[in-house]
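What follows is one structure encoded as structure tokens, with my remarks underneath.
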């Protein structure tokens with residue numbers, strides 16, 4: 001019996017896993033990793049290329065055999081993943097559409113796999129095309145679509161069975177900023193309906209928009225939390241960027257007070273824990289110009305990764 | 001009730017895959033043209049361009065009369081390593097064995113005449129038998145006639161074809177060509193089809209759906225069986241109308257052979273796709289797999305002309321059985337019952353084994 005069988009609130013998680021381990025050719029791709037994806041959130045697997053994000057996603061869907069560990073998907077153990085398939089929506093990184101078919105034919109095919117037919121099929125297809133704002137593309141050959149349109153149709157195909165859990169592998173790669181923006185809109189809508197959206201990315205700005213982030217590096221889960229909590233957890237503070245007349249002198253003084261200071265020419269960077277401390281420093285240094293820098297997820301990641 | 005629902009859902013999924021494949025093919029005009037043109041070109045090229053030497057032709061000998069000339073002919077036939085000889089009691093037994101395909105021809109030695117009963121469906125084999133008997137007679141003449149007082153002692157040679165006509169090479173190659181075309185092109189279709197699915201993200205996406213692997217392979221087979229039936233029909237019409245190949249057997253039996261061979265070849269192609277990563281590799285692998293089969297299957301050259309040490313290979317290739325079955329039904333008028341064993345049995349085994357391997361490999365590759 002694994003520890004997960006004991007977890008009472010297991011059904012609150014779309015995906016919950018412990019000790020996930022997987023190797024390819026003696027190379028550990030996932031190392032004794034936990035994963036906790038609550039239901040009804042956007043969850044981002046964030047990490048550099050080769051950190052194991054895609055492998056983890058494929059493990060969750062039963063496409064890669066688990067070496068050891070324990071996973072529940074929508075409250076079913078991985079061994080019974082087959083019965084979860086009707087409720088899953090997967091959008092792989094490689095192109096998931098048949099380029100020689102029309103948009104409608106692709107949608108009809110995927111609908112068919114879920115046993116959606118007749119009037120229901122027509123209704124669902126119209127609905128998903130409306131969600132991705134492309135109702136007029138029905139009869140176009142999929143291979144001739146632009147990159148952004150292609151990704152939107154891929155998403156439409158992934159939504160055809162109204163999945164409870166969506167797993168999207170780098171959904172916004174090669175997508176223009178406008179389409180990217182609309183994708184986030186779709187994700188919000190979906191989570192409002194109680195669906196769980198899991199995406200992978202190596203782009204910090206994207207992760208910042210998710211409810212939850214799982215930081216991955218070298219097949220390990222460094223941390224899992226909301227972006228704000230992660231920054232806190234990494235011990236990141238706001239930073240004051242000040243242009244000053246006598247940088248060396250001012251720096252020595254601030255360092256003497258126990259503050260963390262970095263210098264770049266006539267610019268000082270000072271870490272400040274709160275607003276009153278910030279006012280205090282500004283009062284003391286009297287900079288010619290200043291700016292407050294909020295901590296980024298990227299710096300949190302860099303800090304946690306070391 | 002629940003089970004009926006599940007079966008109908010499963011069939012609907014298989015149908016969805018099949019329809020998709022047909023729609024894809026429909027949009028690929030070049031493939032459709034190739035489906036029609038390829039068998040015609042193959043038929044023209046191969047149908048007219050073959051000859052060979054033979055060993056191990058099964059020959060029956062019926063000795064109705066034993067005189068010096070007859071003895072000499074028998075000795076000559078025995079001395080030749082072309083034949084494996086069976087002695088038979090009567091001409092009717094010989095005819096029966098030929099129609100069952102158990103022997104390739106028979107020599108009936110009478111007092112005044114020698115009858116050659118030949119299998120009309122294998123013109124090359126028939127030609128070889130005729131030639132050897134003629135040279136045997138000439139040898140006998142040279143040897144014996146000098147010592148015989150009367151020159152008229154030499155019997156006449158009459159030739160009979162069991163099927164009543166003298167078939168040309170292209171006639172007997174025709175049915176085999178049908179089998180080869182199906183095997184060659186259908187296996188290629190699934191190899192490339194599955195390879196593309198894997199290179200795109202479609203295979204992964206499809207596998208994360210209620211569609212299971214058996215349904216996936218079945219859907220492909222369904223679609224391509226429709227296509228290969230259409231292709232076979234075209235080839236068939238060309239054979240009958242263009243090349244005037246006489247049709248003896250039941251069309252139902254022909255259809256069953258065609259479907260069984262396509263299903264097996266399609267599964268085989270799907271299985272092969274697991275060993276390639278590019279379409280270029282498919283083109284390299286395909287000849288390695290198909291050429292030995294087409295050459296050793298008895299499609300172009302009768303199995304009798306294949307050296308003995310290579311023949312075991314012929315008997316493990318499914319194409320051998322398909323060619324044999326099609327020759328028997330189309331040219332000899334065999335019914336389904338006549339070809340049930342070994343031909344149909346072998347094709348069923350071929351299909352089951354390759355289907356299992358194809359579905360098993362998809363599972364292994366992904367999971």
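Computed values, structure above
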read-out: Only one of B:144, B:129, B:117 that is modelled with pLDDT of 80 or more, in contact with a helix residue (DSSP H, G or I) (Cβ under 8 Å, 6 or more places away or on another chain) and either under 30 Å from residue B:343 (Cβ atoms) or in the same structural domain as residue B:61 (by TED's automatic domain parsing) (or both); value: B:117
read-out: Residue in region A:85-92 that is within 23 Å of residue A:194 (Cβ to Cβ), surrounded by fewer than 19 Cβ atoms within 10 Å (Cβ to Cβ) and assigned by TED's automatic domain parsing to the domain that holds residue A:110 present; value: yes
read-out: Per-region count, region B:76-92, residues without any contact (Cβ under 8 Å) to a residue 60 or more places away in the chain, surrounded by 13 or more Cβ atoms within 10 Å (Cβ to Cβ) and farther than 23 Å from residue B:303 by Cβ; value: 1
read-out: Test result for residue A:30, away from chain B (no Cβ under 14 Å) and under 30 Å from residue A:185 (Cβ atoms); value: no
read-out: Qualifying helices (runs of 4 or more DSSP H) (wholly inside region A:39-135; at least 2 residues being at pLDDT below 95); value: A:53-60, A:118-131
read-out: Selected residue (only one of B:186, B:190 is modelled with pLDDT of 85 or more and buried (at least 22 other Cβ atoms within 10 Å of the Cβ)); value: B:190
read-out: Filter result for the condition that a residue is assigned by TED's automatic domain parsing to the domain that holds residue B:239 and more than 30 Å from residue B:240 (Cβ to Cβ), over B:30, B:23; value: B:23
read-out: Residue A:82 within 14 Å of chain B (Cβ to nearest Cβ), on the phi < 0 side of the Ramachandran plot and surrounded by fewer than 19 Cβ atoms within 10 Å (Cβ to Cβ); value: yes
read-out: Qualifying residue in region A:17-28 (condition: within 19 Å of residue A:199 (Cα to Cα), in the same structural domain as residue A:167 (by TED's automatic domain parsing) and surrounded by 14 or more Cβ atoms within 10 Å (Cβ to Cβ)); value: yes
read-out: Filter result for residue B:47 (farther than 30 Å from residue B:194 by Cβ and at pLDDT 80 or above); value: no
read-out: Those residues of region B:77-104 which are at pLDDT 85 or above and assigned to a loop (DSSP other than H, G, I, E, B), in sequence order; value: B:89, B:90
read-out: Out of A:95, A:58, sole residue that is under 20 Å from residue A:217 (Cβ atoms), surrounded by fewer than 23 Cβ atoms within 10 Å (Cβ to Cβ) and at the interface with chain B (Cβ under 10 Å from one of its Cβ atoms); value: A:58
read-out: Some residue of region B:345-357 being under 21 Å from residue B:185 (Cα atoms), modelled with pLDDT of 85 or more, within 10 Å of the chain's Cα centre (by Cα) and crowded, with 23+ Cβ neighbours inside 10 Å; value: no
read-out: All helices (runs of 4 or more DSSP H) inside region B:193-290 with 2 or more residues being at pLDDT 90 or above, within 14 Å of chain A (Cβ to nearest Cβ) and in contact with a helix residue (DSSP H, G or I) (Cβ under 9 Å, 6 or more places away or on another chain); value: B:202-207, B:213-237
read-out: Total residues in region A:240-273, condition farther than 21 Å from residue A:303 by Cβ and loosely packed, with under 13 Cβ neighbours inside 10 Å; value: 8
read-out: Search result, residues across region A:98-132 that are under 23 Å from residue A:40 (Cα atoms), away from chain B (no Cβ under 11 Å) and touching a residue at least 40 places away in the same chain (Cβ under 8 Å); value: A:131, A:132
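Yes or no, residue by residue, for (1) within 14 Å of another protein chain (Cβ to nearest Cβ); (2) at pLDDT 85 or above:
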{"site": "B:27", "(1), (2)": "yes, yes"}
{"site": "B:31", "(1), (2)": "yes, no"}
{"site": "B:62", "(1), (2)": "no, yes"}
{"site": "B:106", "(1), (2)": "no, yes"}
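Rundown of residues vs (1) buried (at least 19 other Cβ atoms within 10 Å of the Cβ); (2) modelled with pLDDT under 95, yes/no style:
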site	(1), (2)
A:171	yes, yes
A:187	yes, yes
A:190	yes, yes
A:196	yes, no
A:216	yes, yes
A:228	no, yes
A:238	no, yes
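The values are calculated or read from the model by the stated rules, or taken from the named source; none is laboratory data. In this text the structure is predicted, and so the values were computed from the model without any measurement. Every residue, glycine as well, gets a Cβ built from its backbone with ideal geometry; the counts of neighbours run over all protein chains shown.
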